[in-house]
Every structure is written in C-alpha cells, then in structure tokens.
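Visitor: Got a structure here, written out as structure tokens. Questions coming.
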Protein chains: 2
Amino acid sequence: MKSAPTSAKPVLGEFELIRHYFAAASCAQAGEGVALGIGDDCALLGLPADEQLAISTDTLVAGVHFPDFPDPFLLGQRAVGVSVSDLAAMGATPIGFTLALTLPGVDASWLQAFTRGLDQMAQRCAIRLIGGDTTRGPLSLTLTVFGRVPKGQALTRAGAQVGDLLCVGGELGDAAGALPLVLKQQHTKQAVADALLARYWSPMPQLELGLALRGKASAALDISDGLLADCGHIAAASGVALVIEQAHVPMSAALLAFAGESTARQCALSGGDDYRLAFTLPAQYLPDLQQAGLPVYVIGRVEAGRGVTLLDSHGQSVQLPHSGYQHFGSASD
Amino acid sequence: MKSAPTSAKPVLGEFELIRHYFAAASCAQAGEGVALGIGDDCALLGLPADEQLAISTDTLVAGVHFPDFPDPFLLGQRAVGVSVSDLAAMGATPIGFTLALTLPGVDASWLQAFTRGLDQMAQRCAIRLIGGDTTRGPLSLTLTVFGRVPKGQALTRAGAQVGDLLCVGGELGDAAGALPLVLKQQHTKQAVADALLARYWSPMPQLELGLALRGKASAALDISDGLLADCGHIAAASGVALVIEQAHVPMSAALLAFAGESTARQCALSGGDDYRLAFTLPAQYLPDLQQAGLPVYVIGRVEAGRGVTLLDSHGQSVQLPHSGYQHFGSASD
C-alpha cells in the first residue's frame, strides 16, 4: 500500500473550500429546470412530461486528453465545450452539468483561473453547474452534462437514409493541426496560432445548429474521433454506406497556412477533437438551413452498403488513411 | 511534456471492446424510464411531470478511496453502493447511472470481475448502466447516478426542527473499523473479518428506508464523512443544534470484537464510509417505521442552537473527537 489511512482534516477543509468556491461561480446559480443545485446529497432537476433528458459523461485525463500542465483557464473552457458538444449532437438544450474534479493538490490561483474558464464557457452554453465531487489524486475531470429535448426528437446516430446528403457543421482539422502549438513544439504567426489554439482550447458546441437539425437531420453526432471514424459510427448505426468527397471537406485558411495541404487534409479527415457536428440530411432541408445562415457544408452522400468511402476529385476511391488518430494516446470518445 | 501525441488505434480498439463489454452487462439492458442507453452521444431518460430527477456524482481514486490494487469484483460492488447511497439519502428511486472508468491498461480478467461486481450491486439496487466513458490513465472511477422522486418530496439536509428525534439507519463504524483488514495489516477470525469487510466493500444503500422516510423525515443524508461531521452538515443546513447520546450510537458485535470498545466508538462517531442514513424525525412517525421493520435507531434529538453536541451516559458533554476522519487521505464526500 502506497497510501496508509491518514487523518486529513486540514485537507478536507481545503477541499470543502473548493466546493464553496465552485458554488459561488456564476454558472452555479439557480437556473431554469434546476430545483436544487450544489450542496446536498443530490441535485434535483425537473422536466416537462413531453421532454426527455439527454445525458453524457466525458473524462479528460492529464497527459492523455490535454497536456500535463495545462493553462487552467483554458482547461476549464475546454472541459465544458467538449462535454456540451454531445448535447449539441443530440439536438438538446443544455440544462446543467456535474463536475468531478481530481486534483493533486490545492492551488488557489490555479482554481480561480480554472473556475473562470469553466464559468465563461458554461455561460456561453447557458448551462448550470449543479453538483460535483472534488477529490485528491492525479489531475483529471469527469463532466456529466444534462440537456432537454422534445420526446422522440433527439438526433441519434441511427436513421441515415440512402439518398440523404452527408454534411458537417464547419471546417475540420484545426484542433488536431494545433497540436504542435498546444505542445509548444512549434511556433507560427500570432494570428494563425491564435486561430488554431482557440479551436483546440475553446471548442464552441454547435448548439444552435443541433436545435435547427431537430426534425430534419436523419442522423447526427459530434466529431471527436475524426471525420472518417465518426462517419463510420453513423454508417454502422444506420446500416448504410457514407461516401465522402475529399475535395469538399472544409479546411480553414489558418490550418492550410500552418500545416500545408497534405497534413491539413490528414487532420481534417482523421484528426479528431473537432467538436463540429456531422449529420445526414434529406436534400429538401438544405436551402432552409443555409438561408438561416447556419454553417452547413455538404461533403458527401448516403448510399446503400456499409462503411465509409473517400473519393478524390476524379471520383476515384482513395485508400483510407489510418483513422481515429488519438491525441496524447487517448482512447476515449 | 511527458506524453507526446501518438497514433493509438490499437488502444482505441481495446477500449472500444471495453464499451461493448459493459454494454452487454445485464445492468445495461433496457429499463423503465431509459429511452436510449449506451452507444450514442447521449443517453435519454424520460420522467413524469410530477417527479424530479435526483443526480449525484462520486469519484473514487485508487490509493485515496480504495487500495491501490483492489479486488476488481469488490471495487465494482463498492463503486455502485457508495454512489447509489446518495439516492437513498434523498428518498429517490434509482433509474440509471453513468460510469467514467479510467484504467492504466486493459486486462480482460480484471474487467470481467469488475463488471460482475458492478452488475451484481446494480441489480440489487435496480439501477441501469446507461452510458459512460472509458479512458486511459491512473485508476479511478466517477459514477453519476440518477433517481426519481415525487416533486417536493426529496429528503434534503435542511428542514430539521427543534424537538425532532435524531436517528440513524443501522450500526456505525464497521467500514472504518475494517480498514486494517482492507489494508491487510491485521487479521482476525473469519466470521468477524467477513462481516466487517462486507460492510466496507459492499455497502448496501438504504433505499427502502429512504423511500419510507419521504413525507416523514425532516432532514436526511447518508453518512460518508462520519456521524459527527455529517450531523454537522444537517445542523448547518437546518440552522439547528443536534445532540447525540453517545451510548445510543449502535455498534456491531463484530466491530466491538475486533476493535474493542474505545476504537469501535471512535469509528462509529468519526470513521465515515458507513453509507447508513442519518435523519431527523418528528417523534410521531417513529412507531410506524419501527412496526414496518425498518432499521431506525434513535441516537439523539434536535435542539435550538447550532453545531453538534455529544453527551456521555451521565448527560455530560463530551469533548468532540477529531471529526471527519478520512481514509486513505480522502478529501471527498
């Protein structure tokens, strides 16, 4: 046994302070649907009878899902963004989240910055901190997010129909392309670095797009494992084939400038950590979404069959690159 | 940076297998109120309009909340028992839970045993595994549990009234007393060891008692930090004083035999990890609960004032021992 039982009252005191600290954050104040927040054995949520509760859990581990010594403000932002993205993918409206935070020790300035980042992204997503647990151990976070969606209208991975368009909600590959910058292995012009690092550290969940896709998209998810791997998930769940036209996969100017076309494409296809939506859509709905100013990029179509096919600009099938590239040795979606 | 980005597809494959593995567990099969379980971006729960959802998150870290190399079957049992206990404390009926499991590596026999333990306790609590995340890192688990409770009937920590009885749901101190056995620092007669170790590794949430207390108990929680510390939480939340008669705090024969009276009492008062309910109760409800065969031990009363007072058998105030003794250096409730 490395750890003998110890009487750790001062530590308990410190961690109790942390709880009070989180409880004081703006995002922990009362919100719609939250009947009881932080401070009791459980939080309490209400839900209208014609709605369902969407629930997702994500763990981020230091050295696996983010660098060992992250900027705490950015880590707070990223943790909320990554987790809420699953609600966007279901077409759900955020309600609240719990935070299970494991820390090697208590550092007030670290916690202040972390809470500011958490709070900022939580407010942008209109989601409330409703409970949690703070423990001592190697740095990691588990967020469980809750959203509401009208009964039967949640966007699942099953349901893609032959003939539907395959779409994504924005440029892909930025977060994966930003890795050498995240790891401080490379540097580049400030404007390019800022753009790419923001996509890694502050992924904005596509909540508005998710809501707009309710009753329209036949299948949806958020891209975390990489476009090809995640399209594989839709294809498998829906029992169809997805065909992607490589030339139509959108990439940002910043990524192309930083990484060059070949690496940029690899990041966009297989990089992961995009937290953009990928979805299948009957073509009739495309004009409405575009006219509403929503970011919808058609990158392919649904066909009969199975698996994912990638086509070059001549319509020839391209050998699929090694898919599901996992940063930091991650093994999680 | 310790961890450079790596392409870890084989690892992803292993962890995907784990997810399929959990998805096949009995406790992951469809259940009441669970519209969509494991496998999509979110799980979906339904809830009648006259009910509220009770939510609680608990993290267990190796070397902090359990030994570094635990028996995986027992760890699975304990993780579910500890987490569901928060639902019992609110008077909630379990619905489902998510499991965020962080593992240093993949070991099939470890996972099989862990899942059996998890499944067994989940079935005893009638709770379903509805989602989760499996990641690589130092061994830890975060469970988020969901239960339902009629609107306005949840048992909170606030509400204790002057004149109420202070009660607990069973003998206290066994889990804390079992620590030298858990750590294999001491041995004792098999029957005694079995009884104490079971209380540490397989704490049965007092769900039936929690349900029976709805509409009767004025405040309730489950004892995790130790009787004195947790009574302090009720006193603070309710704005009252709690008086405990030391001689009335129930202790098991096994604990007394193993630890002797003095240590046993310290475990019962401050040991923590009991996962028995502590609650305040208007005296008129006591006969009904006792006649229903529920475990209700009156250990004191609610008075005007603040804080917790411990009385000896002569009615004299006893100096409070160092409270909130935390096993393994834990800093969590």
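The values are calculated or read from the model by the stated rules, or taken from the named source; none is laboratory data. A quick note: this is a predicted structure, and the numbers were derived from the prediction, not measured. Here the Cβ is made from the backbone with ideal geometry for all residues, glycine too, and neighbour counts use every protein chain on show.
Visitor: For a quick check of your reading: which strands (runs of 3 or more DSSP E) sit entirely within the range B:124-202 and have at least 1 residues that are modelled with pLDDT of 95 or more and out of contact with any helix residue (DSSP H, G or I) (no Cβ under 7 Å at 6 or more places or on another chain)?
Guide: Numbers: elements: B:128-136, B:140-150, B:165-168.
By residue number, B:140-150, B:165-168.
Visitor: For residues in the range A:84-129 being in contact with a Pro (Cβ under 6 Å, 6 or more places away or on another chain) and of a type outside the set (A, V, I, L, M), which is farthest from A:Leu45 (Cα to Cα)?
Guide: A:Trp110
Visitor: Consider A:Leu209 against the criteria (1) within 22 Å of A:Leu269 (Cβ to Cβ); (2) surrounded by fewer than 18 Cβ atoms within 10 Å (Cβ to Cβ): it satisfies all of them except one. Which criterion is unmet?
Guide: Checking A:Leu209 against (1) within 22 Å of A:Leu269 (Cβ to Cβ); (2) surrounded by fewer than 18 Cβ atoms within 10 Å (Cβ to Cβ), the one that fails is (2).
Visitor: Looking at the range A:215-229, which of its residues are crowded, with 17+ Cβ neighbours inside 10 Å and of a type outside the set (Ser, Thr, Tyr)? Spell out how you get there, then give the answer.
Guide: Kept after step one, since they are crowded, with 17+ Cβ neighbours inside 10 Å, are these residues of the range A:215-229: A:216-229.
If the condition is that a residue be crowded, with 17+ Cβ neighbours inside 10 Å and of a type outside the set (Ser, Thr, Tyr), then A:Lys216, A:Ala217, A:Ala219, A:Ala220, A:Leu221, A:Asp222, A:Ile223, A:Asp225, A:Gly226, A:Leu227, A:Leu228, A:Ala229 are the ones that fit.
Visitor: Just the residues that are facing chain B (nearest Cβ under 10 Å) and not small (Gly, Ala, Ser), please, taken from the range A:149-180.
Guide: Residues of the range A:149-180 that are facing chain B (nearest Cβ under 10 Å), as a first pass: A:149, A:151-152, A:154-158, A:176, A:179-180.
Passing the criteria: A:Val149, A:Lys151, A:Leu155, A:Thr156, A:Arg157, A:Leu179, A:Pro180.
Visitor: Would you check which residues across the range A:256-278 are under 24 Å from A:Leu207 (Cα atoms) and touching a Gly at 6+ places or on another chain (Cβ under 8 Å) and list them? Before you say what the answer is, go through the steps one by one.
Guide: Narrowing the range A:256-278 to residues under 24 Å from A:Leu207 (Cα atoms): A:267-278.
Result: A:Cys267, A:Ala268, A:Leu269, A:Ser270, A:Gly271, A:Gly272, A:Asp274, A:Tyr275, A:Arg276, A:Leu277, A:Ala278.
Visitor: Would you pick out the residues in the range A:49-59 that are facing chain B (nearest Cβ under 7 Å) and at pLDDT 90 or above?
Guide: Let us first name the residues in the range A:49-59 that are facing chain B (nearest Cβ under 7 Å), namely A:49, A:52-59.
Matches in the range A:49-59: A:Gln52, A:Leu53, A:Ala54, A:Ile55, A:Ser56, A:Thr57, A:Asp58, A:Thr59.
Visitor: Then there's this: Within the range A:1-48, can you find the residues that are modelled with pLDDT under 65 and acidic (Asp, Glu)?
Guide: Hit for the range A:1-48 is A:Glu14, nothing else.
Visitor: Looking only at residues in the range A:124-136 that are within 11 Å of another protein chain (Cβ to nearest Cβ) and small (Gly, Ala, Ser), which one is farthest from A:Leu60 (Cα to Cα)?
Guide: Restricting to residues being within 11 Å of another protein chain (Cβ to nearest Cβ) and small (Gly, Ala, Ser), the top hit is A:Gly131.
Visitor: Of all the residues that make up the range A:203-227, how many are in a helix (DSSP H, G or I) and more than 12 Å from every other protein chain (Cβ to nearest Cβ)? Before you say what the answer is, go through the steps one by one.
Guide: Within the range A:203-227, the first condition is being in a helix (DSSP H, G or I), and the residues that meet it are A:207-213, A:227.
Restricting the remaining residues to those that are more than 12 Å from every other protein chain (Cβ to nearest Cβ) gives A:207-209, A:211-213, A:227.
Residues that pass the stated criteria total 7.
Visitor: State all residues of the range A:136-188 that are more than 20 Å from the chain's Cα centre (by Cα), more than 27 Å from A:Leu101 (Cα to Cα) and of a type in the set (Gly, Ala, Ser); if no residue qualifies, say none.
Guide: A:Gly152, A:Gly159, A:Ala160, A:Gly163
Visitor: Also, I was wondering about something else. If a residue has to be farther than 30 Å from A:Ala176 by Cβ and free of Cβ contacts under 8 Å to residues at least 60 places away in the same chain to count, how many in the range A:49-76 make the cut?
Guide: As a first pass, look at the range A:49-76 and keep what is farther than 30 Å from A:Ala176 by Cβ: A:49-53.
In the following step, the residues that additionally are free of Cβ contacts under 8 Å to residues at least 60 places away in the same chain were identified as A:49.
Count: 1.
Visitor: Which ones in the range B:100-118 are among the aromatic types (Phe, Trp, Tyr) and over 22 Å from the mean Cα position of the chain (by Cα)?
Guide: Narrowing the range B:100-118 to residues among the aromatic types (Phe, Trp, Tyr): B:110, B:114.
B:Trp110 - this is the single residue of the range B:100-118 that is among the aromatic types (Phe, Trp, Tyr) and over 22 Å from the mean Cα position of the chain (by Cα).
Visitor: Can you name the residue in the range A:267-316 that is under 20 Å from the mean Cα position of the chain (by Cα) and surrounded by fewer than 19 Cβ atoms within 10 Å (Cβ to Cβ) and is also farthest from A:Ala241 (Cα to Cα) among such residues? So that I can check it myself, show each step before the final result.
Guide: Going through the range A:267-316, the residues under 20 Å from the mean Cα position of the chain (by Cα) turn out to be A:267-280, A:294-297.
Adding the requirement that they be surrounded by fewer than 19 Cβ atoms within 10 Å (Cβ to Cβ) leaves A:294-295, A:297.
Values: A:Leu294: 26, A:Pro295: 24, A:Tyr297: 19 Å.
Among those residues, the one meeting the criterion is A:Leu294.
Visitor: Moving to a separate point now. Residues that are over 19 Å from A:Arg199 (Cα atoms) and more than 7 Å from chain B (Cβ to nearest Cβ): does the range A:70-90 have at least one? Full working, then the answer.
Guide: Within the range A:70-90, the first condition is being over 19 Å from A:Arg199 (Cα atoms), and the residues that meet it are A:90.
Filter again for more than 7 Å from chain B (Cβ to nearest Cβ), leaving none.
There is no residue in the range A:70-90 that is over 19 Å from A:Arg199 (Cα atoms) and more than 7 Å from chain B (Cβ to nearest Cβ).
Visitor: How many of the residues making up the range B:37-48 are in contact with a helix residue (DSSP H, G or I) (Cβ under 7 Å, 6 or more places away or on another chain) and either without any contact (Cβ under 8 Å) to a residue 24 or more places away in the chain or facing chain A (nearest Cβ under 10 Å) (or both)?
Guide: Filtering the range B:37-48 down to residues in contact with a helix residue (DSSP H, G or I) (Cβ under 7 Å, 6 or more places away or on another chain) leaves B:37-39, B:41-42.
Narrowing the set further to residues that are either without any contact (Cβ under 8 Å) to a residue 24 or more places away in the chain or facing chain A (nearest Cβ under 10 Å) (or both) leaves B:39, B:41-42.
Qualifying residue count, the range B:37-48: 3.
Visitor: In this structure, does B:Phe97 turn out to be aromatic (Phe, Trp, Tyr), under 17 Å from the mean Cα position of the chain (by Cα) and not assigned by TED's automatic domain parsing to the domain that holds B:Phe258? So that I can check it myself, show each step before the final result.
Guide: Working: aromatic (Phe, Trp, Tyr): yes; under 17 Å from the mean Cα position of the chain (by Cα): yes; not assigned by TED's automatic domain parsing to the domain that holds B:Phe258: yes.
It is true that B:Phe97 is aromatic (Phe, Trp, Tyr), under 17 Å from the mean Cα position of the chain (by Cα) and not assigned by TED's automatic domain parsing to the domain that holds B:Phe258.
Visitor: Then there is this: Can we say B:Ala89 is among the hydrophobic types (A, V, I, L, M, F, W, C), within 11 Å of the chain's Cα centre (by Cα) and farther than 21 Å from B:Asp133 by Cβ?
Guide: Considered against the rule, which asks whether it is among the hydrophobic types (A, V, I, L, M, F, W, C), within 11 Å of the chain's Cα centre (by Cα) and farther than 21 Å from B:Asp133 by Cβ, B:Ala89 comes out as yes.
Visitor: Going residue by residue through the range A:309-322, is there one that turns out to be at pLDDT 95 or above, over 30 Å from B:Arg136 (Cβ atoms) and part of a strand (DSSP E or B)?
Guide: Among the residues of the range A:309-322, at least one is at pLDDT 95 or above, over 30 Å from B:Arg136 (Cβ atoms) and part of a strand (DSSP E or B), which makes the answer yes.
Visitor: Listed residues B:Leu139, B:Leu143; which is buried (at least 24 other Cβ atoms within 10 Å of the Cβ), within 23 Å of A:Gly137 (Cβ to Cβ) and within 11 Å of chain A (Cβ to nearest Cβ)? Don't jump to the end; show me each part of the working.
Guide: Details: B:Leu139 fails: buried (at least 24 other Cβ atoms within 10 Å of the Cβ).
Result of the check over B:Leu139, B:Leu143: B:Leu143.
Visitor: So, B:Ala257, is that one in contact (Cβ under 8 Å) with a residue 24 or more places away in the chain and over 21 Å from the mean Cα position of the chain (by Cα) or not?
Guide: On the way: in contact (Cβ under 8 Å) with a residue 24 or more places away in the chain: yes; over 21 Å from the mean Cα position of the chain (by Cα): yes.
The answer is yes for B:Ala257.
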